[in-house]
1. Give the label of the value calculated from the structure for volume of the Cα convex hull per residue in Å³, choosing from (i) 104; (ii) 93; (iii) 128.
2. Under the rule of at least 5 residues apart or a separate chain, name every residue whose amide H is placed under 5 Å from the amide H of T7.
3. For segment 8-25, take each phi angle, set θ = phi - 60°, evaluate the Karplus expression 6.51 cos²θ - 1.76 cosθ + 1.60, and give the result in whole Hz per residue in order, putting x for glycine and proline.
4. Choose one answer from K79, K53, K13: the residue with the largest mean-square fluctuation in a GNM of the chain with alpha-carbon springs under 10 Å.
5. Count the lysine pairs in the chain that are 8 or more places apart or on different chains: how many have C-alpha atoms under 17 angstrom apart?
6. Calculate for the chain the 222 nm mean residue ellipticity that helices alone would give, adding -39,500 (n - 2.57) per DSSP H run of length 4 or more and normalising by residue count, nearest 500 deg cm²/dmol.
7. For the chain, with a Gaussian network of springs between Cα atoms less than 10 Å apart, report the residue from L14, L40, L62 with the top mean-square fluctuation.
8. By how many degrees, 0 to 90 and rounded to 10, does the Cα axis of helix 83-93 deviate from the longest principal axis of the chain?
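All of the numbers you see were taken from the coordinates with simple rules; none came from a lab. Because the structure is a prediction, the values reported are computed rather than measured.
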Amino acid sequence: MLEIRPTCENCNKLLPNDSDEAMICSYECTYCKSCVDDILNNVCPNCGGGFEKRPTRPFDCLTGNCVENDPVGERVVHKPVDSDKFKKVKEHFENVPPENR
């Protein structure tokens, strides 16, 4: 089950459960769409993978699977991207489609 982290790891922007700006990689590293597009070029600085829009956890508990029974995460991971360290990772992966990384 996804943790659904509440903020962007880079800029610390709030990304609540219903945010349409939350993006995640396969390890659930969480960034806002602006950071993914303008800074990261769709390259996760932690794993080199690409990003997809993070799904939302339903509010309607008809099935029993919802925010009320499975609350979203509260753990904030704020570690702004170190541009010097990220440069090598970005150069290695940015021209390779995410599915081929």
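1. Working out volume of the Cα convex hull per residue in Å³ from the coordinates points to (ii).
2. Long-range HN contacts for T7: L15, V77.
3. 6, 5, 8, 9, 6, 4, 5, 10, x, 3, 8, 5, 9, 9, 7, 10, 9, 9
4. Maximum among the listed residues: K79.
5. Count of close lysine pairs: 8.
6. Numbers: 2 runs with 17 residues, N = 101.
Calculated mean residue ellipticity at 222 nm is -4500 deg cm²/dmol.
7. Greatest mean-square fluctuation among the candidates belongs to L62.
8. On a 0 to 90 degree scale, this one is about 90.
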